[in-house]
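Presented below is the structure to which this report refers.
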Amino acid sequence: MNALTPKIKNGQSGDDGNHFLRTERLYVQVNPNELATIKAHAKNNGYNTTAQYVRQQAISAGITDNPVTLKRHYLECEFQLSKIGNNINQIARIANRQHKLDRDILRTLKTIEKDALLLLVEAQKKVEGIE
């Protein structure tokens, strides 16, 4: 088995989560209909290239989530959770200052804020794991 050589920069199709040069080739022959189907699946699943799609299918044992798409989703979740946390924090501050919400509502808001922060931390960890 050959030693892995680290990449200096990403290729033309961008960052796909691989940090090593790909030096080995695998040839697969398909008929025109199969090729069209594979290309359509790659495009429909958000892959930049057919090679990325085929590679991910082959090495993931059937788990076909696109790492680039996953990262985008996690970042969007992180952004939305951050907004939710900020809004809840603002509500809690106003409620504390004006004493207009009862303690049960305030406790519920604080629980939601805590859960949102936990989800935010989890999303951040998953994003960092993909990079």
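All of the numbers you see were taken from the coordinates with simple rules; none came from a lab. As the structure is a prediction and not an experimental result, all values here were calculated from the model. Cβ sites come from the backbone with ideal geometry, for glycine too, and all protein chains shown count toward neighbours.
Here are a few things to note about the model shown:
- Karplus-derived 3J(HN,Hα) values for the stretch 104-115, using 6.51 cos²θ - 1.76 cosθ + 1.60 with θ = phi - 60°, are 5, 5, 4, 5, 5, 4, 5, 5, 4, 4, 4, 5 Hz; glycine and proline are entered as x.
- Sorted on the mean count of surrounding Cβ atoms within 10 Å across their residues, most packed first, peptides 37-43, 25-31 read 37-43, 25-31.
- Here the gap between Thr23 and Lys125, fully extended at 0.36 nm per residue and compared with their Cα-Cα distance, gives a gain of 33.7 nm.
- Members of Lys7/Lys125; Lys83/Lys114; Lys83/Lys125; Lys7/Lys39 lying beyond 21 Å, as alpha-carbon distances in this model show: Lys7/Lys125; Lys7/Lys39
- Legend: calculated FRET efficiency, Asn48 to Glu76, from the Cβ-Cβ distance at R0 = 22 Å, rounded to 0.05, equals 0.70.
- Applying the Karplus relation 6.51 cos²θ - 1.76 cosθ + 1.60 with θ = phi - 60° to the stretch 40-55 yields 3J(HN,Hα) values of 5, 4, 4, 5, 5, 9, x, 7, 6, 9, 5, 4, 4, 5, 4, 4 Hz, where x marks Gly and Pro.
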